[in-house]
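Here the structure comes first, spelled out in structure tokens, and everything after it is commentary.
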Amino acid sequence: MITILAIESSCDETAASVCSDGKILSNVIAGQEVHKQYGGVVPELASRAHMQHIVPVVHEALRKAGVSVSEIAAFAFTQSPGLIGSLLVGGQFAKSLALAMDKPLIAVHHMQAHVLANLIDEPKPSFPFLCLTVSGGHTQIVLAHNPQGLKVLGETIDDAAGEAFDKSAKLLGLPYPGGPLIDKYAQQGNPDRFQFPEPQIPDLDFSFSGLKTSILYFLQNAGKSDKFKEEFRATDTERELFIRNNLNDICASIQRRIVSILLNKLKKATIKTGITDVCLSGGVSANSELRRSFLEMGERYHWKTFIPAFEYCTDNAAMIAITGYYKYLAEDFSDLSVSSSARSSW
Ligand code: KG4
Ligand code: ZN
């Protein structure tokens, strides 16, 4: 039996998971409330909180799995990408365990893990499959030939989809992270009420910064013009009233545009590759309109569609554990000298 202990600490969640022969036995996450008051993740506070959480979180993952540390065959951790201070805490902890227990160390790329989260539960996609990974830090379309053979077909050239949600929410005066709130208000709104422009980006890449600017100008002129230009300015009171009276429709219209940008590119990728096993992953796949439209598109174009359970979509250590398991099978181990890295492609 191959039992892996995995640690994920790339951003503001301290997470640990145990998996045995590809089956997840525990998946423990400690979030960090401390960032809420700052409207975003504060890196220094994140790494301090990881240091406080890591021991109890790892203990809890072992306890829930009913496994002792001496039964662990290898220790996996998120090596990249992420906040460097946060990555270092999980990385050093995994290295210490590997050294103390004299077991292999497995360095995992966070984005590979988001894709392989689709291999945790049945039904699983067949290789080759496509995966749209949408989170607060990333937006990618990945082609997976096998667990180790992944290729990025397209990615964002500026903001990630989650950032597009969160930044739009901030412009509307909503607290961080605003993505789930836009989703909530949008459920009561009319998505056709306001038309935001779709960016013209070649191939399979994405861009969301133009959308953000158009929303900014739209709100500045309190919806008085659909020209999305800076020259029309409403007063602060007019703007606040406009947002308050139209919040549901604005959220629904923004959400409709973000989802259409994502799914139009995904459709393009299926046409380009001829692949019909198609997956979603990342925190933004919690979005109700994205899930509904993705499944609807899948039915229309005869795709086989897959979305991991919600706990495996947002940042978690189970996806690091499953990736660690496949890397173990491929004997893809790392030396103790491997360093964490804020940015890197796999
Ligand atoms: O994958 P994740 O948990 O963390 C990162 O690696 O970034 O994704 C978090 C992102 C945030 O931007 C959050 O606003 C967004 O996912 N998000 C949503 C929803 N739930 C989470 N965005 C839109 N609708 C949602 N329901
Ligand atoms: Zn992530």
Most fluctuating residue given options Thr235, Thr213, Thr314, as computed from a GNM of the chain linking Cα atoms under 10 Å: Thr235
Partner lysines for Lys23 [C-alpha distance under 29 Å; skip if fewer than 8 residues away on the same chain]: Lys64, Lys95, Lys103, Lys124, Lys151, Lys304, Lys327
Residue of Asn190, Asn27, Asn118 that the Gaussian network model of the chain assigns the largest fluctuation, springs spanning Cα pairs under 10 Å: Asn190
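Arranged by the count of other C-beta atoms within 10 angstrom, fewest first, what order do Ile250, Ile243, Ile157 take? The partial results should precede the final answer.
Details: Ile250 27, Ile243 17, Ile157 13.
The fewest-first ordering by Cβ neighbours comes to Ile157, Ile243, Ile250.
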Cα→Cβ-extended label distance, 7 Å offset, between His59 and Asp335, nm: 3.5
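Taking 30 Å as R0, compute the FRET efficiency from the Cβ-Cβ separation of Thr235 and Ala342 and round it to 0.05.
Using R0 = 30 Å, I get an efficiency of 0.10.
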Under 17 Å from Lys167, Cα to Cα: lysines that are on another chain or at least 8 residues apart: Lys36, Lys184, Lys212
Contact order relative to length of segment 127-307, as percent, for alpha carbon pairs under 8 angstrom and 6 or more apart: 27
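Taking the Cβ of Val58 as the center, what net charge do the other residues with Cβ under 15 Å away carry, scoring Lys and Arg +1 and Asp and Glu -1?
On the way: positive: Arg63, Lys64, Lys95, Lys103; negative: Glu8, Glu13, Glu60, Glu71.
The answer is 0.
Give me Rg over Rh for segment 127-307, both radii from the alpha carbons and Rh done the Kirkwood way, two decimal places.
Details: Rg = 16.9 Å, Rh = 16.8 Å.
Ratio value, two decimals: 1.01.
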GNM result for the chain, Cα springs below 10 Å: residue of Ile271, Ile24, Ile322 fluctuating most strongly: Ile271
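Subtracting the Cα-Cα distance from 0.36 nm times the residue separation, let me have the gained length for Gln37 to His145 in nm, one decimal. Could the numbers behind the result be given before it?
Numbers: separation 108, 0.36 × 108 = 38.88 nm, distance 4.25 nm.
So the extension gain works out to 34.6 nm.
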Helix-only mean residue ellipticity at 222 nm for the chain, each DSSP H run of n ≥ 4 adding -39500 (n - 2.57), per residue, nearest 500: -13500 deg cm²/dmol
Under DSSP loop assignment and at most 14 Cβ neighbours within 10 Å, longest GluC sites (Glu not before Pro)-free interval of the chain: 1-229
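Set the Förster radius R0 to 51 Å, insert the Cβ-Cβ distance between Leu99 and Asn190 as r into 1/(1 + (r/R0)^6), and round the FRET efficiency to 0.05.
Values: r = 58 Å, r/R0 = 1.15.
E(calc), rounded to 0.05, equals 0.30.
Read the figures in this text as sums done on the coordinates, not as results from a lab. Owing to the predicted nature of the structure, the values given are computational and were not obtained by experimental measurement. Please note: Cβ atoms are built from the backbone with ideal geometry, for glycine as well, and neighbour counts cover all protein chains shown.
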